[in-house]
Structures are given as structure tokens and as C-alpha cells.
Amino acid sequence: MDQIEIYLEKNIFHIISQKDLQNLRIWNKKTHEETSFTLVSEGHYQISAEKVIALLDTTKNDRAYIIFGDHQEVNLAHSQLKQLRNDQVTQTTIGGIPLSLYVSLDDTLRFMCNLLPSARAYYLKNNVHTINVNNDTVSLNLDIYTRFFPLKALDFKVTHRQLEKSFTLTDFIPSSSDQVDNNTFINHIQISYQPAKQLQKIAPNINLNGYNWQFFDLRFQLHFATMEVRPRSFRVDYNANCAKDCVVPYTNNLLLYLDWYGTQKYNKLSHRIAFVPKDTYQTYLEFKKNDHKEKPVFHSRTVLISEYPQKAQDNGFVLFSYLMHKKSSEFDPYFVVTKDSPDLANLKKYMDHVVFYNTPEHVKIFMQTDILCHTHSSDYAMPFRNNYFIEKKKTIHKVFLQHGITAVRNIDHLYGKDAQPDFTNKFIVSSEREKQLVIDKLGYDAKDVAITGFARFDLLLKHNNRLTSFLKSKRVLLMPTWREELVNLSDDEFVKTDYFKELNSLITSKRLLTIKQSQHLTIDFYLHTNFQKFAHLFHSNEVNILHEGQQTVQNILKSHGILITDFSSVGLDFALLNRAVLYYQFDGLPANGALSDQSEKILPGPIITTEEELISELQVKVKNNRLDDKYAKNVSQNLYKFQDRHARDRIFELLRKL
């Protein structure tokens, strides 16, 4: 194989080739002008930097192609580039204009001014072969494959995905760089960092309790000894062999657990985090150590029930209280919740069967669980997320109780069988329409979808009648859902959004307040749990801002006669009460899930897009808050098949058959 050498000496570029490069010259593709190299000796060519600059348009980024013979480019795909000495370079500056002799992305030699070469031309791939932990330090042993040039150093960057904040550590030097073929190098680098220390810097107010939704991505930037390149970050590739326990101290009692995983689309190395008490982690290790031993046999099947980790007021709680009162010998029910949950008062009668999240008891109960009933992600039931608990969860019968009728949003990315194959085994629905949607859109088999209705419907419909609804017609509830793209904004950023501006305009509207006073209305405003942290930003002298934990969402719904929402599934629950629902879709389609193609036919109320139209419609509904006949018919056909108070009984029978 031919060898080519390139270098710069005293602003003279040199090319030395074992191959005859007859009539070697540079060519400007735009002007078609050419300038020849000088032949110094056989196979040795040179050209001054001044001549190269003279051929280029120095007012912008410009390139000159190096050609020979009958307009052939000098291509290194089948040639070996001789390595430069540490004191040799291929870049200079002439009259303030940066100039580079470089290897392009398609392996050809070129000149370029005003722009550094792309790092992509010299990067091939990377491989993490081990991840080690020593006290508070995590070390990634990384092999980085480069072309044409070995690495001088790299910078390492970890980004908090939700906060979009990063920390960068610089100048990691390769322990060695091995040339494995003519133009390929394997650069061996150990990246050591202290994740707990860095996390405390970029997220000092991070919540240490409950399930952690935060993700971190790993990137690096390359530096070459003989060539300066444009800054570009590359993702670290995932290696399943490295997915082992990775724990460092965080506080005196807490450990920071890094759960390594490969991203869904490109399989890049990222990690979630969990804050794990030391006694919980020790309990986990004991179970893991004794995993091969015979498990104890229990007379009753253990049923673990979960909602959001800090919640106990939805379908999960209602089913749990039902099982506790039923006292069936078949099941031993437990409810998992965080110690700081605002809903603990709901559980006070059952504390012997309440498991606090991320405790040793949580590990023990989870490991003996036979059936998991979950209203949201089944991951929330795990003490913390790692491969051991994920594999255990696969062996558990999972029943998705849901937290809202599937009707409005496209939720395939959250609950679809293809996107989340281990999400659940049984999918609870409330109608034939909903069952068919789960089969057609989410990919579940018909045998895995059960029409029972939601457990909470039994309590929602209790004591509901026409008179009760009429007596509450003067009570109006504004309850929009959240927006995924806004959830991590600061207060200052949030108040600049259309979401805040439109809702704040509504609750301070003079026309709305006039109607409120003339009709003697009570108007309450309740934000979704994910947006409760922004509740303090809304102010109104006439509208009450409700806060999470004061009462359950179901009690809030039952105590009002008219609901204003946007896309929230609470509108469907409210319609079961035969009370008016107004859909105020003030900011278009939701970014966190497109509307389903049947949504307008399913929604039990008019879709309104302007504040004036909404207030006018509200004036009408205050006089008669019953659901219009066309929407009432839709409820029985498309929302809830049974219209009774026996959903819990049907779910119980389903559990018995598992």
C-alpha cells in the first residue's frame, strides 16, 4: 500500500507520495482556477500557504481540491497516511485567515480557509468495555476508534436531559493509541468522575424522595495533537455488559444509584438515577445474593398496588380499600406510596398494609408480589429501577387499572405493546370502543383487554342524581391538563408561555368576574399534579386556586356542577355524572401526545378555542348544567358500558382468574 506524508514547514505545505502524482495542483471548484505544486524531488511536492490563500475566497469559508493527472483527487482510502511528528502541523494562519490541509469526510486531501475540519472525518466509533466504581468515583474505560490521527485528549460531558444543564470535564489523556491498520487507531482512555459531586452542582434542589424521572446523557469531544478540528460532541455507545450495579455515596444515609441503559432509537449510553437508603440497598443485595435459594410459599397471593409514587386517591387506592374491606383469603393486598405523600390520610385505616416507597419493606414485598395493579407506569412499583427488579417485574402478573379513559390522546409511546412490551399483562377498559382502540392502536391481544370499568367509578356514581347535579350548578371547576414540553421550565420561563397567559387571562377576565358576581358562582382552578409547582404563579381575586393534597381529584369533581378542561380525561369522568363539560383548547393540539382521530366524536362537550366563546357558553350552562342529549348518548355508547357501581367486583373476579 502506498504511503503519503503531509506536513507544514515555514508556511510551505509538503506532500510526499510513493505514488506518482503527475501535475499535482489545487483547483477551486467555483472559479475553476488552478495553481500547481512545485516538484521538489521524486514524489515530493510543495506549495506555499500564500499561493493557496490566493486561490481561495477569503471572505467566507472556501475549499480548494488537490488534484493530479486527469482531474483525479488525492484519495487516501487505499493509501497509508504517515503520522506526523509532535512538532509537525498541517494548519497555519495567513493574514488572519486560518488555513488547513486536511483529510475530508470522503478521504480526499483538500485545503480549507476560515473553517476548521470536521471531527466527523476522523471519528469511527467507541466502545465502553468496563464501568468501575471506587468509593465516590465512577470510571469508564473507553476505546475510541479514530481515522488518520491518534487522539491527544478528550473532554467528557454529562447532560441532565430535563434541566438541559451539563458539567464538562476536560483533558482526559489516552493511556495509549494503537494503530491497528493503515489509518485506524484505537485510543484507550479512562474517564473518571464523581457523579454525586457534579449532580449537587447542577441540580442542588433535586428531590431525594420517591421515584426519580431524571435522565443523563454522556458525550465526549475529541482533540488531536496535529490537527485542530471543529468542536463536535459524540455520544458514548451502550454496552450491555456494563449494565451492573453502580452506586456512590450521596449523603450520610443515601446512595446515588446509576441505572445504565441504551437509548431506544440509537442505543447510546445514558443513565437514570435513584436515591437509595443504605438499608434498602443492603436488603436488595441480600435478595440478590440468595436469589438461587428456594422461595417461601405464602397461603395468599400478594397484590401490590401503585399509583404515582406520591399518590393514593385514584383507581389503585379505591381497589386497595375494596380488597382490605373484602378480607378475601385469596389475596394479601399492599399499597406502595412515598412517606411524604399528601394522601397519607386516605390510608390511615390500613397502615399495616401500606409500604413506603424505597424502604427495606418495599424490597421484601415487591420480591414476593404475585400480582401488580398499577394506574400509571408499572415501573413505579419497583423499589428503585435496575435490571434485577426489572427481571422480577417480568415474572409478576401486571394489571393496568388506568387513570383515565383512553379516548383523547395518542398514548402508544407510553403504553403501546411495541414501545413498552413489558408494561402490563392485562389492560382494564370501560367500553367496547375503548377495548377495540387498545387492540388496534396499542397492539394488545383481545384476551389481554378486560371491560370492567374503573374502580373509582363506583364511588364517583355514588349518591349522584339529577337533584345533586342541579344543586352544584353554581360551582365551576377549571381543570386543564399539563404540557410535557413545559414541565421543566423555571417560573420566569413558565409565565412567558401561552399556557400561562391564556389561563391567567381567563381567571382575571372582567367579563368572567361580572358573570360570577351576577350569577353567584364559585369558580375553582386546579392544576394537574405535574404543574402544581406553578400554582403560586396564578393570581385572581375572584377565582380560588386549589392546591394538591387538600382533597382528592374525585371529590373535587363531585363537588362541582360544570367543568372546563382542555384535553384532560377528567372530562370523561365528569360526563359520567351527567354534568356539562366545556373543552377550552386555547393553545392548539397538545405537544405531549397528538389527539386521536376520533377525539371530537368522543369528547362529551363542545370544543372551544377562544376566551369570549368559552364565557358565552358558560353563561348558558349555568342555567342548565345537564349534559346535552347528544353527549349523554355518547357516554353510554363510548365511555362506560355498565353505568353501575360494580367495577370493583368485576376487577376482583379478574384477579381471581390470573
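Only the coordinates and a few stated rules stand behind these numbers; no lab work does. Treat the numbers as computed from the prediction; the structure is a model and nothing was measured. Counting neighbours? That spans all protein chains shown, and the Cβs are built from the backbone with ideal geometry, glycine included.
Where Lys and Arg each count +1 and Asp and Glu each count -1, what net charge lies around Glu73 among other residues with Cβ under 12 Å from its Cβ?
So the environment of Glu73 carries a net charge of +1.
Can you work out ³J(HN,Hα) from phi for every residue in the stretch 615-630, in order, using Karplus 6.51 cos²θ - 1.76 cosθ + 1.60 and θ = phi - 60°, giving whole Hz and x for Gly and Pro?
Working through the residues one at a time gives 5, 5, 5, 5, 4, 5, 6, 4, 6, 8, 8, 6, 5, 4, 4, 5 Hz.
Report, for the stretch 520-658, the % of DSSP beta bridges that are antiparallel, rounded to 5.
Counting DSSP beta bridges with both partners in the stretch 520-658, the antiparallel share is about 10 percent.
Need one number: % antiparallel among DSSP beta bridges in the chain, to the nearest 5.
Percentage antiparallel, nearest 5: 70.
Could you give the distance between the Cα centres of the stretch 356-418 and the stretch 110-172, to the whole Å?
Centre-to-centre distance over Cα atoms comes out at 36 Å.
If each DSSP helix of 4+ residues adds -39,500 (n - 2.57) and the sum is divided by the residues in the chain, what number results at 222 nm, nearest 500 deg cm²/dmol?
-6500 deg cm²/dmol
Would you list Leu304, Leu506 from fewest to most Cβ contacts within 10 Å?
Ascending Cβ contact count within 10 Å gives the list Leu506, Leu304.
Sort out for me the Cα centre separation of the stretch 80-104 from the stretch 526-563, rounded to whole Å.
About 64 Å separates the Cα centre of the stretch 80-104 from the one of the stretch 526-563.
Give me, ordered by chain and number, the residues 5 or more places off Thr424 or on other chains with an amide H under 5 Å from its own placed amide H.
Here the answer is none, since no amide H 5 or more places off falls under 5 Å of that of Thr424.
When the dipole is taken about the Cα centre of the stretch 301-458, and only Lys, Arg (+1) and Asp, Glu (-1) are charged at their Cβ, what size is it in debye, to the nearest 20?
160 debye
Under a plain spin-label model, where a point goes 7 Å from the Cα along Cα-to-Cβ, how far apart in nm are Glu612 and Gln517?
2.2 nm
From Cα pairs below 8 angstrom and at least 6 apart in sequence, can you work out the relative contact order of the chain, rounded to a whole percent?
RCO, the chain: 8 percent.
Which cross-chain or sequence-distant (5 or more) residues have an amide H under 5 Å from the amide H of Ile608, H modelled 1.01 Å from N in plane?
Tyr583, Tyr584, Gln585
With Cβ to Cβ distances under 9 Å as the rule, what net charge do the other residues near Ser378 carry (K, R +1; D, E -1)?
Combined, the nearby Lys, Arg, Asp and Glu give 0.
Taking the Cα centre of the chain as origin, sum charge times position over the Cβ atoms of Lys and Arg (+1) and Asp and Glu (-1), and report the length of that vector in debye to the nearest 20.
About 2360 debye.
How charged is the neighbourhood of Ala240? Take every other residue with its Cβ under 14 Å from the Cβ of Ala240, and add Lys/Arg as +1 and Asp/Glu as -1.
That works out to -1.
Can you tell me how much longer the chain between Ala203 and Phe167 gets when fully stretched, taken as 0.36 nm per residue apart minus their C-alpha distance, in nm with one decimal? Kindly include the intermediate steps, with their values, before the conclusion.
Details: separation 36, 0.36 × 36 = 12.96 nm, distance 1.08 nm.
Full extension from Ala203 to Phe167 adds 11.9 nm.
For mean projected area of the Cα convex hull in nm², pick the label among [x] 37.3; [y] 29.2; [z] 67.0 that corresponds to the value derived from the coordinates.
[x]
Taking amide hydrogens as modeled 1.01 Å from N in the peptide plane, which residues meet the under 5 Å criterion relative to Tyr123, leaving out close sequence neighbours?
Arg147
Quick one: Karplus J couplings for the stretch 502-515, per residue in order, coefficients 6.51, -1.76, 1.60, θ = phi - 60°, nearest Hz, x for Gly and Pro?
These are the phi-based 3J(HN,Hα) values: 5, 6, 5, 4, 5, 6, 10, 5, 5, 5, 5, 5, 5, 5 Hz.
Which one of Leu614, Tyr388, Tyr266 has its Cα pushed farthest toward the positive end of the charge dipole of the chain, where Lys and Arg give +1 and Asp and Glu give -1 at the Cβ?
Positive-end residue among those listed: Leu614.
Between Arg475 and Asn61, what is 0.36 nm times their sequence separation minus the Cα-Cα distance? Round to one decimal in nm.
142.4 nm
Per residue of the stretch 648-658, what does 6.51 cos²θ - 1.76 cosθ + 1.60 with θ = phi - 60° give for ³J(HN,Hα)? Whole Hz please, x for Gly and Pro, Karplus curve as stated.
4, 4, 5, 5, 4, 5, 5, 4, 5, 8, 5
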